[in-house]
Amino acid sequence: MKKLMILLTASCLICGIALAGGNGAVQAPLVDREGGAEVGFLVANVAATPKANIEISVKAGEPDTEYDVWVKVDGVNLTWKNDGSGDPSAILSTNKQGKGNVHVVITPEDVVGIPIGGTVDITVVVKKPEDEMTSQKGLAGTAEDVVVK
């Protein structure tokens, strides 16, 4: 429990610094695809290295559940392949209250050609492993026009 509290505190601190610092981070709601309810948020920031930092926070997920986290940059899924294979970018675990956080760092080729000052859209899809092939299930959100710094 102590580790979870430290993780939640650190995640909130990271998000707060990112939003307050004016560093180009974009926050977007995370929405349940079935019911449409807002269940959390994501914060995305892209450095010119290129490196995308994405913080995903679920506030109303299923308790004690592991979710796969999939990331798309400008509509290109970074790890899912057309043949149905691939690994998620991260695993997000919720606690007994259905809350969980995960930080994802990616260095996609899709960001390489975008000049400093250019923008990308970063979409996050959070699904239970058994729902991976069902596009209507899971949680999703898109941070639009994230500036490459």
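Run the numbers for Glu66 and Lys51: contour at 0.36 nm per residue of separation, minus the present Cα-Cα distance, in nm.
Numbers: separation 15, 0.36 × 15 = 5.40 nm, distance 2.54 nm.
Result for the pair: 2.9 nm of gain on full extension.
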- prompt: Tell me, what HN-Hα J-couplings in whole Hz come from the Karplus equation 6.51 cos²θ - 1.76 cosθ + 1.60 at θ = phi - 60° for each residue of segment 126-140, using x for Gly and Pro?
  reply: 10, 9, 5, x, 6, 9, 4, 8, 10, 6, 8, 10, x, 10, 8
- line: Spelling it out for Lys128: with amide H atoms placed in the peptide plane at 1.01 Å from N, the residues 5 or more places away or on another chain with amide H under 5 Å from its amide H are Asp68
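Coordinate-derived values only; no laboratory data. Since the model is a prediction, treat every value here as computed from it, not as a measurement.
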